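The values are calculated or read from the model by the stated rules, or taken from the named source; none is laboratory data. Since the model is a prediction, treat every value here as computed from it, not as a measurement. Every residue, glycine among them, receives a Cβ derived from its backbone with ideal geometry; neighbour counts consider all protein chains shown. Keep in mind that these areas ignore ligands, DNA and RNA; they rest on the heavy atoms of the full protein, side chains included. Shrake-Rupley method; radii C 1.70, N 1.55, O 1.52, S 1.80 Å.
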Protein chains: 2
Amino acid sequence: MTDNTHNEARIVTENPGALNESGRLIASDRVEGTKVYNPEGEHVGSIQNFMVDKLNGKVSYAVMSFGGFLGIGERYHPLPWDALTFDPELGGYRVSVTRAQLEDAPSFAQDEDPWVDPEYGRNVYAFYGMPFYS
Amino acid sequence: MTDNTHNEARIVTENPGALNESGRLIASDRVEGTKVYNPEGEHVGSIQNFMVDKLNGKVSYAVMSFGGFLGIGERYHPLPWDALTFDPELGGYRVSVTRAQLEDAPSFAQDEDPWVDPEYGRNVYAFYGMPFYS
């Protein structure tokens, strides 16, 4: 809870006026930076950004960053948007994957652009056992 | 084009590794900060953030900020996502609304939360002549 408070305070400072939301809507810059936890309640990463499908306006992936320092050595894990559940008590998202599973999960480094491979997204959805979105 | 180059450079610096995208996908933090132009090519604002519908994972609104300084006096204009068209030559989005029309458009100040009114979104879509998304 302390982490969450800190996180929200940071976002408020950087993005004044940007946090308005109703129960059904959430602001993009509120999602970014939110922590992600596994079913054991361990912190496994934070939402870096998310990918929007320009054709249908849907959020296709949330990209979780993990490890590294100031971007160096950081790994990026794309997750199907629907694989994330917001947990108000944790003040973050839950994803049903253990730390060990995450090491085998699709991920990329800062200088890689995996999306050029049209199969990449399909593999991400398959890894998390979800039907591909398109 | 100069503006676009500058803008992208800024985003790259702040969000390393976050810009990967294929032709069909765009990263949330790449949309944020992008300039918006009217049909006359005038700069009418910048994308502050966008609102995602948690139920269906769709981007419902892009929120454009305009005016003010460091958030003070700034106005926020929600736009239907589909009202924006990316213009590669301008390096920004186009929206079919004149400056004068924009003054009459739905907008809110930093300390206002218009989304608590369930009719607000409907009015936004009506103003831009688009069918309400839900």
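Observations, loosely collected:
- So A:ASN56, is it assigned to a loop (DSSP other than H, G, I, E, B), at pLDDT below 90, crowded, with 17+ Cβ neighbours inside 10 Å and of a type outside the set (Gly, Ala, Ser): no
- The single condition among (1) assigned to a loop (DSSP other than H, G, I, E, B); (2) free of Cβ contacts under 8 Å to residues at least 60 places away in the same chain that A:ALA62 does not satisfy is (1).
- Candidate set: segment A:1-45, residues that are open to solvent by 40 Å² or more (accessible area, probe 1.4 Å), assigned to a helix (DSSP H, G or I) and touching a helix residue (DSSP H, G or I) at 6+ places or on another chain (Cβ under 9 Å); chosen: the one modelled with the highest pLDDT: A:ARG30
- Checklist (1) under 16 Å from the mean Cα position of the chain (by Cα); (2) within 11 Å of chain B (Cβ to nearest Cβ) applied to A:TYR120, failing item: (1)
- Residue selected from segment A:69-93 under the condition at positive phi and at the interface with chain B (Cβ under 9 Å from one of its Cβ atoms), by the criterion modelled with the lowest pLDDT: A:GLY71
- Looking only at residues in segment B:23-64 that are under 21 Å from B:GLU89 (Cα atoms), within 9 Å of another protein chain (Cβ to nearest Cβ) and of a type in the set (Asp, Glu), the one that is farthest from the chain's Cα centre (by Cα) is B:ASP29.
- Candidate set: segment B:94-117, residues that are under 14 Å from the mean Cα position of the chain (by Cα) and more than 8 Å from every other protein chain (Cβ to nearest Cβ); chosen: the one most open to solvent (accessible area, probe 1.4 Å): B:SER96
- Qualifying residue in segment A:126-134 (condition: over 30 Å from B:TYR61 (Cα atoms), buried (at least 17 other Cβ atoms within 10 Å of the Cβ) and either out of contact with any Ser or Thr (no Cβ under 7 Å at 6 or more places or on another chain) or within 8 Å of chain B (Cβ to nearest Cβ) (or both)): yes
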